[in-house]
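Report on the following structure.
Rule-based calculations on the coordinates, nothing more; no lab input. These numbers were taken from a predicted model, which means no experiment stands behind them. Here Cβ is always computed from backbone atoms with ideal geometry, including for glycine, and neighbour counts include all displayed protein chains.
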Amino acid sequence: MSSQTYKGIYLDHAATTQLSEAVEEVMQPYFQEKFGNASTMYQYGEEAKEAIDHAREQIAASLSAKKSEIYFTSGGSESDNWAVKGIAGALKARGRHIITSKIEHHAVLNSCEYLERLGYQVTYLEVDKDGMISLEELEQAIRQDTTLITIMFGNNEVGTIEPVMEIGRIAREHGILFHTDAVQAYAQIPISVRQYPVDLLSASAHKFHGPKGVGFLYVREGVPLPSFIHGGSQEQGKRAGTENVPGIVGMGKAAELAMHGMRQRIRRETMLRNYLMEKVTHEIPQTRINGHRTRRLPGNVSMSFAGIDGATLLILLDEEGICASGGSACNTGESRISYVIEALGVPKEYAAGTVRMTLGKDTTRQEIDAAVDSLKRNIALLRGV
């Protein structure tokens, strides 16, 4: 695997992760010798179908779900769109009200805005300074015509983990379906759909060392989700199109690998995350950490530095081989302050200087030390100190 061509320090694992060598190895045969279409009856097709079934088993096992509850998609954005628009359409006779939060990924927010143009009503919950929704405000927002609550599991920009268990219980008590965008949380922390009362859950392979362009949507048995792409009978007749066999096989393997040693990896990443937060706040003046201090994803650190431009800082970091981001990779290049940072109420003098560093399974303490040294040097330069 030609993985060592770039020698930089990669601290943007929330944007994407490097494809695992073991994942690449299991994918490879399905590009050439095992190239069959899973919908055909002969040996090549049977091989492809068996590989897809095995991957579905791997994903289902990772969530304590049933095989029949896993639907393969092109990624997190499609899964979110399918869940939000699909449930809204399926239950429109019962009601046209949806509850979400102001800090969801654009795949959810833009889907909600699309539905608003069709006459649906959406309540966008505020979050506190840590990025947490209020369960009391959620309860107050529920109406007779509410059909769906969609709240992300862990925030992509600031790492805050929402009270998913409690949200799910509230949804169940009121007979409302609950979707969670778990793109950042799945394979990073343990998630069991037998433990968490969620009805739909989105995930994307490239966030956990799988290939790009493939993801899945978990749909609890009995949830009335209509077809999203019409055509053939793939994915139990709900998502037409010839399956991305190499991608699906790779995602299944990546999920299996992520489950092994997860708790040990969480402890290690959490320790390094806390080390990074403490080092930055102690060594760089006028620094604030965004998101909840403890209820956050293991490797996510969002920092805001007063009196600087975050985009300029990212360029300077890149010149020194440090890969970081300003927030969501989907919005990199936009100079405006992130809507997530605004929702948390970060003061303007800090908000413009926001940088996100997200750690991975191979991140070292030495890399963090080098990254902080680069931050100190370049922030001092930008502040004219």
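Brief remarks follow.
- Which listed pairs, of Lys102/Lys376; Lys7/Lys348; Lys102/Lys279; Lys348/Lys376, have C-alpha distances above 23 Å, in listed order: Lys102/Lys376; Lys7/Lys348; Lys102/Lys279
- Close amide H contacts of Asp12 (hydrogens built in the peptide plane, cut-off under 5 Å, sequence separation of 5 or more or a different chain): Thr358.
- The lysines within cross-link reach of Lys212, meaning a Cα-to-Cα straight distance under 21 Å and a gap of 8 or more places when in the same chain, are Lys34, Lys49, Lys253, Lys361.
- Computed over region 253-384, the ratio Rg/Rh where both radii use C-alpha atoms and Rh is Kirkwood: 0.97
- Counting every other Cβ atom within 10 Å of each residue's Cβ, Phe35, Phe305, Phe228 order from fewest to most as Phe35, Phe228, Phe305.
- Converting phi to 3J(HN,Hα) with the Karplus coefficients 6.51, -1.76 and 1.60 and the offset θ = phi - 60°, region 161-174 yields 9, 6, x, 4, 4, 5, 4, x, 5, 4, 4, 4, 4, 9 Hz in sequence order, with x at every glycine or proline.
- Extension gain, Ala380 to Arg267: 0.36 nm times the residue separation minus the Cα-Cα distance gives 37.4 nm.
- Of all DSSP beta bridges in the chain, antiparallel share, percent nearest 5: 50 percent
- Efficiency of FRET from Cβ geometry, Ile229 and Arg117, R₀ 22 Å, rounded to 0.05: 0.55
- Residues of type aspartates and glutamates that Lys238 reaches as a straight line, Cα spacing below 20 Å, ignoring anything fewer than 8 places off in the same chain: Glu50, Asp53, Glu57, Glu69, Glu78, Asp80, Asp181, Asp199, Glu221
- Cubic angstrom per residue, convex hull over Cα atoms of region 128-227: 115 Å³
- When the helices of the chain are scored as -39500 (n - 2.57) per DSSP H run of n ≥ 4 and the total is divided over every residue, the value at 222 nm lands at -12000 deg cm²/dmol.
- Counting other Cβ atoms within 10 Å as a rough exposure proxy, the listed residues Arg265, Arg336 run Arg336, Arg265 from fewest neighbours to most.
- In terms of surrounding Cβ atoms within a 10 Å radius of their Cβ, Ile176, Ile266, Ile87 rank from fewest to most as Ile266, Ile176, Ile87.
- Viscosity 1.567 mPa s, temperature 4 °C, Stokes-Einstein D of the chain from Kirkwood C-alpha radius, µm²/s: 60 µm²/s
- The GluC sites (Glu not before Pro) of region 171-239 that meet both conditions, a loop assignment by DSSP and at most 12 other Cβ atoms within 10 Å of the site Cβ, are Glu221.
- Measuring nothing but alpha carbons in region 42-121 and taking Rh as the Kirkwood radius, the Rg to Rh ratio lands at 1.12.
- Taking θ as phi - 60° and the Karplus parameters 6.51, -1.76 and 1.60, the scalar couplings of region 274-285 work out to 5, 4, 5, 4, 5, 5, 5, 5, 7, 9, 10, x Hz in sequence order, x denoting glycine and proline.
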